[in-house]
Amino acid sequence: MSAPIVRTVAELRTVVAGWRRTGASVAVVPTMGALHEGHLSLVHSALQTADRVIVTLFVNPKQFNSAADLAAYPRTENEDAAKLAPLGAHVLYVPEAAEMYPDGFATTVSVSGVSDGLCGAFRPGHFDGVATVVAKLFLQTGADFAFFGEKDFQQLHVVKRMVRDLDIPIAVVPCPTVREADGLALSSRNARLSPTERAIAPKLASILVETAERLANGSPVTSTLAEARAAVLSAGYREVEYLELRGEADLQPIASIDRPARLIVAAWLGETRLIDNLRMPWSSLLADQMPRACQELAAGTASLIAVRLP
Ligand code: AMP
């Protein structure tokens, strides 16, 4: 059965208040619609965690830095509702732009630090738009849990930072990236790829995997990343905005793998911008470090072993 569609904040608050009277916990899954299995995986996780799940469909104009990109963004409310129906989400919240940003709207939530660099450098204002709409969705739903994909890894960091800084009482739950069988991360933008581009697209993920393996085997970070960027271009991508190694916990640039880390990339394939990221195989690195450290200890060349755990 299709979940009821709610379009106003007032109606949403009434529904949630009813749930709260029964003691139910509430989760929210913010999306811009054009749902695919990646989004649905968040909804599955939310349904396993909370008694009631709100899925939001809102193409947020404030997070687009190109009017053409906003106009081209797919809007597929009926199809989205049909995809969600078998899952059992409890409400679809589908506000109009005027409901979210009524006349006179003048507030921006801006998260510094984690919003700088990476996508923040190439999409000015994007994360202000994300933080503003996500803050509103958290306050409108009053949810206990919010589910976000690791696919948008910097966004996840921005949201977590905002929640901590503003003391918003919500637990942000990260969910793994869902991929096609050939490794391409699912994205609403994949639909824009021509057949030729679609054949090239998964090379981005395979280059990340190869690069992670090389780094884990001790390849120097700077030259290995430069080679990875060149490999993305050779594969047929038009431009690499960034391909970097960043700390898993703080998103800071790192020059050696001395802590949990992620490879993170944005690149243009024709007119489509794709992003992806991959967690470095930290546990295998630890397994490599341990015997070496123990040998050093036995040989008397080390008196103290420090292995930073993730
Ligand atoms: P979007 O509709 O693109 O704004 O995405 C809504 C949510 O779905 C965000 O938390 C994304 O990180 C998440 N998401 C998008 N693609 C994927 C994917 N391939 N796997 C897991 N989560 C995803």
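Coordinate-derived values only; no laboratory data. Please read all numbers here as calculations on a predicted model, not as lab measurements. Glycine also receives a Cβ, built like all others from the backbone with ideal geometry; neighbour counts cover every protein chain displayed.
Measure off 7 Å from each Cα along the Cα-to-Cβ vector at THR196 and LYS160, then give the distance between these two points in nanometres to one decimal.
Taking the simple label geometry, THR196 and LYS160 are separated by 4.1 nm.
In whole Hz, with x marking every Gly and Pro, tabulate ³J(HN,Hα) for the stretch 149-162 from phi via Karplus 6.51 cos²θ - 1.76 cosθ + 1.60, θ = phi - 60°.
Values, residue by residue: x, 5, 3, 9, 5, 5, 4, 4, 5, 4, 5, 4, 4, 4 Hz.
For an R0 of 41 angstrom, estimate the FRET efficiency from the Cβ-Cβ distance between SER234 and ALA106 and round to the nearest 0.05.
Working from the Cβ atoms, E equals 0.30.
Three principal axis extents, largest first, for the C-alpha atoms of the chain, in Å?
Result, largest extent first: 69, 47, 39 Å.
Taking 8 Å as the Cα distance limit and 6 or more residues as the minimum spacing, I'd like the relative contact order of the stretch 5-175 as a percentage.
Reported as a whole number, the value is 29 percent.
Determine the dipole magnitude for the chain: charges of +1 sit on the beta-carbon of Lys and Arg, -1 on that of Asp and Glu, nothing else is charged, the reference point is the Cα centre, and the result goes in debye to the nearest 20.
Result for the chain is approximately 300 debye, rounded to the nearest 20.
Counting DSSP beta bridges with both partners in the chain, what percentage is antiparallel, nearest 5?
Of those bridges, close to 50 percent are antiparallel.
Which value, to two decimals, describes the C-alpha radius of gyration of the stretch 102-162 once divided by 2.2 N^0.38 Å?
1.14
Which FRET efficiency value, to the nearest 0.05, do you get for GLU227 and ASP258 by plugging their Cβ-Cβ distance into 1/(1 + (r/R0)^6) with R0 = 25 Å?
0.75
So what's the back-of-envelope 222 nm ellipticity for the chain, counting only DSSP H runs of four-plus at -39500 (n - 2.57) apiece and dividing by all residues, rounded to 500?
-12500 deg cm²/dmol
If you find the alpha carbon centre of the stretch 192-206 and of the stretch 1-68, how far apart are they in angstrom?
Comparing the Cα centres of the stretch 192-206 and the stretch 1-68, I get a distance of 30 Å.
Calculate, for LEU70 and ARG7, the FRET efficiency according to 1/(1 + (r/R0)^6) with r their C-beta to C-beta distance and R0 25 Å; round to the nearest 0.05.
0.80
How much length, in nm to one decimal, is gained on full extension between GLU180 and ARG21, taken as 0.36 nm per residue of separation minus their Cα-Cα distance?
My answer for the length gained is 53.1 nm.
If you filter the stretch 1-94 for trypsin sites (Lys or Arg not before Pro), then keep DSSP loop positions with at most 15 other Cβ within 10 Å, what is left?
ARG7, ARG75
Please report, in whole Å³, the volume per residue of the convex hull around the C-alpha atoms of the stretch 5-175.
Expressed per residue, the convex hull around the Cα atoms of the stretch 5-175 is 113 Å³.
Just want the answer: with Cβ charges of +1 for Lys and Arg and -1 for Asp and Glu, which residue in VAL109, VAL55, THR224 is farthest toward the dipole's positive end in the chain?
Positive-most Cα among the choices belongs to VAL55.
Would you please report the Å³ per residue occupied by the convex hull of the alpha carbon atoms in the stretch 137-230?
Per residue, the Cα convex hull of the stretch 137-230 comes to 142 Å³.
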